[in-house]
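Chemist: Before I ask anything, let me first share the structure, which is written out below as structure tokens.
The values are calculated or read from the model by the stated rules, or taken from the named source; none is laboratory data. None of these values were measured; they are calculated from a predicted model. Here Cβ is always computed from backbone atoms with ideal geometry, including for glycine, and neighbour counts include all displayed protein chains.
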Amino acid sequence: MRNGKLINLYDIDNEFDKAISIIRGMYYVGGIFIYPTDTVYNIGANPLNLLAIDRLKKMFSTNIFSEATLLVGSILNLSNYIEIISEKHFEFLNSIWPNPINVIFRLNSQFQSLFGINQASFKIPNNRFCLKLLSEINGPILSLRLNNNHNTSKGYEIFKEEYSEKVDAIFYTHKESFNDDSGLIDLTDYKPLIIKENKFKLKNFIDEYRYVS
């Protein structure tokens, strides 16, 4: 419960359009929500909303911008926040996204100042709900893994008790994700550097484009 009321639960399988509309409204007014991604359930919010950021800082003991992944709906949208070192990076990004592959970029000066960090992790997720939401809001979603050892793609029930007084709504699906975790690539230099491999065999993507120093 939150503020004496039952937590709002939305089944995105059966109420897809309604869920998109509700979460879009929450995004703009500083709401915080739990939702399924292309890996596991995350906590999401608008990284440009001071109310949302203040609420998240009270929930997490770490620097939320350093720990979070920023979900974006397109590479065009991504380019608003980062510095691109090489035009070849656009070709590379088109080859790996949408997929559960996080990529670290150097932020542009505006967002370095706003987020208080020099670089951040971004992803275009391979998830219908996330992609539709991102197209509707035309902005990034700050997405954090839940502080829960039992975080899973298989259900949302385990989050209700722990987070019911911390988030405004839980959006859930009956479908299971086929991806356990995201891979991680550092693209702050010319050649991509694999930080964390996953089932997508990231080295193959890099080798295909024959990056040279």
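Chemist: Cβ-Cβ below 7 Å, separation at least six or inter-chain, first residue in the stretch 93-121 and free of Cβ contacts under 8 Å to residues at least 40 places away in the same chain, second part of a loop (DSSP other than H, G, I, E, B) and buried (at least 18 other Cβ atoms within 10 Å of the Cβ): which pairs?
Modeler: Matching pairs, first to second residue: Trp97/Ile124; Leu107/Tyr81; Asn108/Tyr81; Phe111/Tyr81.
Chemist: So how many residues does the stretch 138-155 have that are closer than 12 Å to Ile43 by Cβ and at pLDDT below 80?
Modeler: Result for the stretch 138-155: 3.
Chemist: For Pro47, all conditions in the list (1) at pLDDT below 95; (2) part of a loop (DSSP other than H, G, I, E, B) hold save one; what is the number of the exception?
Modeler: In the conditions (1) at pLDDT below 95; (2) part of a loop (DSSP other than H, G, I, E, B), Pro47 misses (1) alone.
Chemist: Of the residues Tyr81, Tyr28, Tyr10, which is aromatic (Phe, Trp, Tyr) and free of Cβ contacts under 8 Å to residues at least 60 places away in the same chain?
Modeler: Criteria check complete, one pass: Tyr81.
Chemist: For the stretch 69-92, which residues satisfy the criterion of being in a loop (DSSP other than H, G, I, E, B) and of a type in the set (Val, Ile, Thr)?
Modeler: Val72, Ile84, Ile85
Chemist: Of the conditions (1) over 20 Å from Ile64 (Cα atoms); (2) at pLDDT below 95, Ser135 fails just one. Which one is it?
Modeler: Result: Ser135 fails condition (2) only.
Chemist: Look at Lys123 and say whether it is of a type in the set (Lys, Arg) and crowded, with 21+ Cβ neighbours inside 10 Å. Write out each step before concluding.
Modeler: Numbers: of a type in the set (Lys, Arg): yes; crowded, with 21+ Cβ neighbours inside 10 Å: yes.
Taking the combined requirement at face value, the residue satisfies it.
Chemist: Still on this model: Considering Ser95, Ser61, Ser66, which residue is in a loop (DSSP other than H, G, I, E, B), of a type in the set (Gly, Ala, Ser) and out of contact with any strand residue (DSSP E or B) (no Cβ under 6 Å at 6 or more places or on another chain)?
Modeler: Ser61
Chemist: Turning to a different aspect of this structure: Looking at (1) surrounded by 14 or more Cβ atoms within 10 Å (Cβ to Cβ); (2) more than 29 Å from Tyr10 (Cβ to Cβ); (3) not basic (Lys, Arg), can you tell me which one Asn94 breaks?
Modeler: (1)
Chemist: Follow-up question, since we're still on this one. Looking only at the stretch 48-79, which residues are surrounded by 14 or more Cβ atoms within 10 Å (Cβ to Cβ) and more than 30 Å from Glu162 (Cα to Cα)?
Modeler: Across the stretch 48-79, the qualifying residues are Ser74, Ile75, Asn77, Leu78, Ser79.
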